[in-house]
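Just below is one structure, and these are the notes that go with it.
The values are calculated or read from the model by the stated rules, or taken from the named source; none is laboratory data. Fair warning: this is a prediction, and the values are worked out from it, not measured in the lab. No Cβ is skipped: glycine too gets one built from the backbone with ideal geometry, and neighbour counts run over all protein chains shown. SASA here: full protein model, heavy atoms, side chains in, ligands and nucleic acids out. Shrake-Rupley method; radii C 1.70, N 1.55, O 1.52, S 1.80 Å.
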Amino acid sequence: MTNHESQSATHSTARRRWTRAAGWTLIGLGVVISWVWSVELTILGESVNASIAGAATLLLFCAGIVLIWMVSPHHSRRASLAFRTAAIATALGAIVAGVVPIAVVAQTTGTVTAEVDSGTSGAGYRVSGMAVVTSDEYHQTTLDLTVSANDRTTPRLVATVSFDDGTAEVTCANTRQNWTHDVSTVTLACDSFTPIASLETVSGIAVDER
């Protein structure tokens, strides 16, 4: 082997090592982003960021696999098929991860207006006859009431929401009394998340003072 051939072989070996290291680095970054994606973003309800992080994770995996494949000494038919399968699977996974969180939020969130059947008046306050119920991207359901209070203090209220589609009753409440104007919107936090499909079948809302 000539000196030139020896140098070329050395450079080729170094290039393969750097390429392989870059591939594993990309996979490692994908693991880190995956952890942030699964632990943080979905808890915070950031569906767009979760989609971006999910797609980025799998694209990094895909890029890392391709780089490792390029410098792999194993180019048998079986090894090539395994690498191609892994690359295609992660690429398709990136598409799914980029779409699913946003699609789920779009299908499960929304706002409806429903009639308050009972409990529209109490000692020193009156509640509006209509309530606005919202399920949001943070996986929370809230109920807004317009309350008129004589002493400008929001009473502690509890609302029981019933549904026609068989969904179990949901209880919504505010945890403390707050100072308000003569007429104010009071938000009651519900004890469970209810998707928009069920909110659209609200059959009644009963309000009572706690």
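Tally time: how many residues in the range 121-162 are outside any strand (DSSP E or B), open to solvent by less than 40 Å² (accessible area, probe 1.4 Å) and either of a type in the set (S, T, N, Q) or without any contact (Cβ under 8 Å) to a residue 40 or more places away in the chain (or both)?
Residues meeting the conditions: 2.
Here are some residues: G166, G204. Which one is out of contact with any strand residue (DSSP E or B) (no Cβ under 9 Å at 6 or more places or on another chain) and not aromatic (F, W, Y)?
G166
Suppose we keep only residues that are among the aliphatic types (A, V, I, L, M) and touching a Phe, Trp or Tyr at 6+ places or on another chain (Cβ under 8 Å) within the range 126-168. Which one would you say is modelled with the lowest pLDDT?
Filtering first and then ranking leaves A149.
Name the residues in the range 170-210 that are among the aromatic types (F, W, Y) and over 19 Å from D136 (Cβ atoms), would you?
Across the range 170-210, the qualifying residue is only W179.
Just to check your reading of the model, which residue among A114, A103 is among the hydrophobic types (A, V, I, L, M, F, W, C), open to solvent by less than 30 Å² (accessible area, probe 1.4 Å) and either out of contact with any Cys (no Cβ under 9 Å at 6 or more places or on another chain) or at pLDDT below 90 (or both)?
A114
When A87 is evaluated against the numbered criteria (1) among the hydrophobic types (A, V, I, L, M, F, W, C); (2) part of a helix (DSSP H, G or I); (3) in contact with a Ser or Thr (Cβ under 9 Å, 6 or more places away or on another chain), which criterion, by number, is the only one it fails?
The one condition A87 does not meet is (3).
Given (1) within 30 Å of A55 (Cβ to Cβ); (2) out of contact with any Ser or Thr (no Cβ under 7 Å at 6 or more places or on another chain); (3) surrounded by 15 or more Cβ atoms within 10 Å (Cβ to Cβ), identify the lone condition not met by I196.
(2) is the only condition that I196 fails.
Starting from the range 181-210, keep only residues that are more than 13 Å from A159 (Cβ to Cβ) and in a strand (DSSP E or B), then list their pairs with residues that are open to solvent by 20 Å² or more (accessible area, probe 1.4 Å) and β-branched (V, I, T) whose Cβ atoms are within a distance under 9 Å, requiring at least 6 positions of separation or different chains.
V183/T146; S184/T146; T185/V132; T185/T146
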